[in-house]
Each structure stands twice: as C-alpha cells, then as structure tokens.
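Engineer: I have a structure here, written as structure tokens, and I will follow up with some questions on it.
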Amino acid sequence: MQDILKVVGKRIGILRREKGWSQDVFADRSGFHRSYVGAMERGEKNLTVKTLKTVADTFGVRIRDLVSDV
C-alpha cells in the first residue's frame, strides 16, 4: 500500500510543479491544509476517492491521470 501512496503522491507533486504552484498555492486552490498537501506528496496519507476527485479537479485532470502509474 505504501508504494501506491508514494506513486500517487509523487504524481501530485509533479502536477503541482508543472503548474508552477507552491504547496501553499495548491493548498489554497484545493481547500486542503498546507501540511496535508505535504503529507500527500510524501505518500503519508491514504487518500479517499473524494480527496482524489478534489485533487484532480484542482489540476483540471481526471482521477485516472493521478493513478495511471500505479
């Protein structure tokens, strides 16, 4: 399970950096706390489908784009 969380977290970090956003900017746009964003990107949080949907919507991608490398 940890490997999946790390892969998804890494993908979130990549998408965030591609947008040129800091973790603070992504947190503001998504409604997540900045420390939660960091934990997601480090693969420390078991993300729910609802959370994945919020992340995907914030980036303008589909959920499958977040988990395609899993």
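The values are calculated or read from the model by the stated rules, or taken from the named source; none is laboratory data. What you see is a predicted model; the values in this text were computed from it and never measured. Note that each Cβ is placed from the backbone with ideal geometry, even for glycine, and that neighbours are counted across all protein chains shown. Keep in mind that these areas ignore ligands, DNA and RNA; they rest on the heavy atoms of the full protein, side chains included. Shrake-Rupley method; radii C 1.70, N 1.55, O 1.52, S 1.80 Å.
Engineer: Identify all residues within region 27-56 that are closer than 14 Å to ARG16 by Cβ, of a type in the set (D, E, K, R) and surrounded by fewer than 20 Cβ atoms within 10 Å (Cβ to Cβ); write none if there are none.
Structural biologist: Listed by number, the residues that qualify are ASP28, ARG29, ARG34, ARG42.
Engineer: List every residue pair whose Cβ atoms sit under 9 Å apart, with the two residues 6 or more apart in sequence or on different chains, where the first one lies in region 42-70 and is free of Cβ contacts under 8 Å to residues at least 12 places away in the same chain and the second, anywhere, is assigned to a loop (DSSP other than H, G, I, E, B) and loosely packed, with under 14 Cβ neighbours inside 10 Å.
Structural biologist: The qualifying pairs are ALA56/ARG62.
Engineer: Then there's this: Taking region 27-39 on its own, how many of its residues are in a loop (DSSP other than H, G, I, E, B) and at negative phi?
Structural biologist: 2
Engineer: On the basis of being surrounded by 13 or more Cβ atoms within 10 Å (Cβ to Cβ), among the aliphatic types (A, V, I, L, M) and part of a loop (DSSP other than H, G, I, E, B), does LEU5 make the cut?
Structural biologist: Answer is no for this residue.
Engineer: Out of all the residues in region 10-21, which are open to solvent by 80 Å² or more (accessible area, probe 1.4 Å) and within 12 Å of the chain's Cα centre (by Cα)?
Structural biologist: Within region 10-21, LYS10, ARG17 qualify.
Engineer: Right, another one. Only one of ASP69, ASP24 is in contact with a Lys or Arg (Cβ under 7 Å, 6 or more places away or on another chain), outside any helix (DSSP H, G or I) and surrounded by fewer than 19 Cβ atoms within 10 Å (Cβ to Cβ). Can you tell me which?
Structural biologist: Being in contact with a Lys or Arg (Cβ under 7 Å, 6 or more places away or on another chain), outside any helix (DSSP H, G or I) and surrounded by fewer than 19 Cβ atoms within 10 Å (Cβ to Cβ) holds for just one of ASP69, ASP24, which is ASP69.
Engineer: Working only within region 9-36, note down all residues that are in contact (Cβ under 8 Å) with a residue 24 or more places away in the chain and touching a helix residue (DSSP H, G or I) at 6+ places or on another chain (Cβ under 6 Å).
Structural biologist: GLY9, ARG11, ILE12, GLY13, LEU15, ARG16, PHE26, ARG29, SER30
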